[in-house]
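Report on one structure; see the data block that follows.
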Amino acid sequence: MLKSRTTVTLVLTVVMIAVCGQLRPSDGRSGMPREQFWSSKVEWTEQYDMVLGGDSRTLSALSPEVMSQSLPGIRIANFAFHRCSFAEEYLNACESILDPKSQQPVLVLGITPLAFTPLAVKGNGFIEYNKMRTVERYQQIWMGNELDYLRSFDWGHSLQRWFESERTVLFRDYHSDGWCGIRREPDDPKASTRDYEKTFVDNQVDSEIINQFIRRVNQWTQAGIVVYATRLPVPSWTLERESLARSGFDESAFVERFEAAGGRWLAGPAGEYRTIDGSHLHPDAAIPFSHAFATLLAADLAAHHSNSNSN
Amino acid sequence: MLFNSLTFLIFATLFFMAWPWMRRRNSSRWIYLTAASFFFYGWWDARFLLLIIGSGLVNFCAGLAMERAPRWRKLFLWTSIVANIGTLALFKYLAFLVTSANDLIGLLGGDGRIPILSLTLPVGISFYTFQAMSYVIDIYRGQLKPTRNILHFFAYLAMFPQLVAGPIIRAAHLLPQLTTWKRITEKDRWEGLKLIAHGFFKKVVIADNLASAVNHAFNSGEVYPSSSYWWVIVSMFAFQIYCDFSGYSDIARGLARWMGYEFPENFNHPYLARSFKEFWGRWHISLSTWFQDYIYIPLGGSRGGALASQRNMWITMLLSGLWHGAAWSFLIWGALHAFYLQIERITQWPKRLGHGLLGRLVSSIMMLVLVWIAWVFFRAESLNQAVQIVTTLFDFSSFSIAGIKIPAKIALLCLLVAVLRELYLYTGCDQLIPGEGRVRAVVDPVAVAILLTACVYFHGYGHAFVYFQF
């Protein structure tokens, strides 16, 4: 036994790892492995007709699979990232995954004041994954399931479920089209208001980021890309936390400049939609919202095409 | 590539698959080791390779030149030292010096500013530069014969297990090992595996889990006004840096053992020291002995009277602080330790206190408190923050640790594990089950397998090794 102690230990380790992987407690994830989801997104190539961009609000609100029911024949991708800002690097990436041979390339950007703040630029989820070495990203893409099997136990998730009296737990469902359904048990529609109390303190919307964004919109529309922007549905108390007085974001002035640059502002479908925290749509709300939004989008695109043809 | 990455696992597997054949002859051994090490180093950034090759060539040639033209030994020595220090100064200290100069200009009321040239700091430059300098200096002193084979030299200088974060290996220790072939026994493999398992456990389970709480506290921009909170956070940092760094050293030693080589121990339970002299004999041993042999003793060491001895000690400790980073906070950290050593030398307080159990306990606690205070300056984002934290540490009006969230509770658990582990190993509890008996034959493999499994499933968010920034 002593003569082969090392081999015995290594074999025992492999067995333990396999067994522990099977016994892992649930950590609220389903669908694709998380790292594979994000790594794949960053590696998407120019293959889409319509790209949905923005931060986690867009990430959770718009399901390309559902949208394509109202927009048949259009290849749609949700390219939103957590904590994403409209930094130049990200806007370049949004454009880069549009198929240059597409009959009508479309960008749909979910606007939040936070995406125009310096804090969002600093902690940008897209940039974080884009900075990874390509080899590491492809390890996640090719061996995503195997690496996910070996991922660390989510202590925080487990401890919260066992010990915290509130037991607020997040569940994420990752889809290959880029949509991430986020559930929270229990829902806490006022959660974001507590976060947003501090978010815009010393972190106001930066006019230079908006200027850069508008210049980009102008370039895109000149190049024949149809650019849409929209505010995704949130409760009134969240809107108040994101108001001009608190965040420095003047929506009407922004819409004016956006449309002057050639963009098309799309007011979202009417109605109240359930959020998990006052900011992110519950998957049960994201599905009908995606459907309704896509219907509006299809109608507007058709109108835009007929106007273009008559001109 | 980080040790705790899939890329390194693939690299190491491929390396060790071919190693038994490649190590049989000197030529193939050195070529293979050098090529693998350059590949490992170049993975970080291919440009860094030019630097290590250039630095290596200068030192290799200086070593040979000293042997062939002994009259000019001093010239070759100083040429290589200037080249080494110059490279280090350019990449590591230039921005700091220029920033400090600009601050001084501003303070004196001047308007002009010197432009700052910001260069990427090559990973491991402090380590391999010191390793190269020790080679040349030992040749100059007649303690080492230079190697005539450049691949032999690069196999020593660039050996991948210790290249980016030490230990700093003396040429006299490793060069001879690289010329001999000895069978790698099961004992080597087993000892190597234990070192690797312990090293990874310390790094990915303890250090990385502690890092999340520590980074959150220090990077938040505000100093939470609670004494007990900061004692906990500073304790976490103390174990984070210890486990991170000693973990890396253990992994390096384990990998070397699998190759058939022995690296010296680099950490010996430093937090159990009862004096600062003892602490520096236990913490980053390869660096402290380097400074002792190549700075302190050449300056005169303890010879030349008390005043000269203190001066030499201060210079050594300040340089040691500066080695860790180009910032005033590291200089202050070094100065604090110099101050502690000075007081210790003058008052001999550890000897006076260290009688009986109570005395030893008191001296241990004092040591920890003083070392912890110094760590605040090492880790803080700014001098201002460091001062605020130290002030808060001793403001006993607030003991609240309210608001510690789940990640910090996990870090608390890891801190407890780290402390218990130290005590377990230091007190020899791991030797309670005797020798090579049947019980150990079962317990040891199970224990190591558990450690390795814990590394997979209980690792923290992947942080780079702390000492990579040096």
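The values are calculated or read from the model by the stated rules, or taken from the named source; none is laboratory data. Computed from a prediction, not measured in an experiment: that's the story for all the values here. Because the Cβ atoms are built from the backbone with ideal geometry, glycine has one as well, and the counts that use them run over all protein chains shown. What goes into the accessible areas is simple: the full protein's heavy atoms, side chains included, and nothing from ligands, DNA or RNA. Shrake-Rupley method; radii C 1.70, N 1.55, O 1.52, S 1.80 Å.
The spacing between the range A:163-238 and the range B:327-342, judged by their C-alpha centroids, is 46 Å. Using a cut-off of 27 Å between Cα atoms, the listed pairs A:Lys41/B:Lys409; A:Lys131/B:Lys194; A:Lys122/A:Lys198 include A:Lys41/B:Lys409; A:Lys131/B:Lys194 as exceeding that distance.
Please work out whether the range A:1-132 counts as rounded, prolate or oblate from its C-alpha gyration tensor, where a ≥ b ≥ c are the square roots of the eigenvalues and a/c under 1.5 means rounded, while otherwise a/b larger than b/c means prolate and anything else oblate? It comes out prolate by the Cα gyration axes.
Calculated on the alpha-carbon coordinates, the convex hull of the protein assembly as shown measures out at 214 cubic angstrom per residue.
Qualifying GluC sites (Glu not before Pro) in the range A:217-309, where qualification requires a DSSP coil assignment and no more than 15 other C-beta atoms within 10 Å, comprise A:Glu272. Inter-chain neighbour count for B:1-12: the average number of beta-carbon atoms from partner chains within 10 Å of each residue's beta-carbon is 2.
Note on B:Leu50 and A:Asp173: their simple-model spin labels are 5.3 nm apart, each label 7 Å out from Cα toward Cβ.
Residues whose amide H falls under 5 Å from that of A:Arg184, counting only those 5 or more places apart or on a different chain, are A:Phe171, with hydrogens built in the peptide plane. Were the residues from B:Ser5 through B:Arg24 laid out at 0.36 nm apart, the gain over their Cα-Cα distance would be 3.9 nm. Using just its DSSP H runs of length 4 or more, each adding -39500 (n - 2.57), chain B gives a mean residue ellipticity at 222 nm of -22500 deg cm²/dmol after division by all residues. The mean of 1/r over all pairs of different alpha-carbon atoms in chain B, once inverted, gives a Kirkwood hydrodynamic radius of 24.0 Å.
Coupling constants for the range B:243-253 follow from the phi torsions by the Karplus curve (6.51 cos²θ - 1.76 cosθ + 1.60, θ = phi - 60°), and in residue order they are 5, 4, 6, 5, x, 4, 4, 5, 4, 4, 5 Hz; glycine and proline get x.
Count Lys and Arg as plus one, Asp and Glu as minus one, and take only other residues whose Cβ is under 13 Å from that of B:Ala18; the net charge is then +3. Membrane-span-like helices in chain A (whole DSSP H runs, Cα extent of at least 24 Å along the helix axis, mean Kyte-Doolittle hydropathy of at least 0.5): A:5-23. The distance linking the range B:87-146 with the range B:3-41 is 31 Å (Cα centroid to Cα centroid, whole angstrom). Restricting to Cα atoms and excluding each atom paired with itself, what does the Kirkwood estimate give for the range B:86-136 in Å? Mean inverse Cα-Cα distance, inverted, gives 12.5 Å.
Summarising the overall dimensions of the range B:316-382 from its C-alpha atoms, the Rg and Dmax are 13.7, 42 angstrom. For the range A:110-152, a drop of 40 Å² or more in accessible area on going from the chain alone to the assembled protein chains (1.4 Å probe) is found at A:Arg133, A:Gln139, A:Ser152. Need one word for the range B:212-362: rounded, prolate or oblate. Basis is the Cα gyration tensor (sqrt eigenvalues a ≥ b ≥ c); a/c below 1.5 gives rounded, then a/b vs b/c decides. The shape class here is rounded. Of all segments of chain B bounded by GluC sites (Glu not before Pro) found in a DSSP loop with no more than 11 other C-beta atoms within 10 Å, the longest spans B:1-221.
For every other residue with a beta carbon closer than 12 angstrom to the beta carbon of B:Ala155, add +1 if it is Lys or Arg and -1 if Asp or Glu, then tell me the sum. In short, +2. Summing charges over neighbours of B:Phe267, with a neighbour being any other residue whose Cβ is under 9 Å away from its Cβ, gives -1 when K and R count +1 and D and E count -1. Annotation: amide H-H contacts under 5 Å for A:Ile111 (H modelled 1.01 Å from N, sequence separation of 5 or more, or interchain): A:Thr230, A:Arg231, A:Leu232.
With just the Cα atoms defining each centre, how far is the range B:265-322 from the range A:17-58? Give it in Å. Here the answer is 51 Å between Cα centres. Per residue, chain A reaches -15000 deg cm²/dmol at 222 nm when only DSSP H runs of four or more residues are counted, each adding -39500 (n - 2.57). Let me make sure I get this right: for chain A, a, b and c are the square roots of the gyration tensor eigenvalues over alpha carbons, sorted descending. Under 1.5 in a/c it's rounded, otherwise prolate if a/b > b/c, else oblate. Which is it? Prolate, because a/c is 1.5 or more and a/b exceeds b/c.
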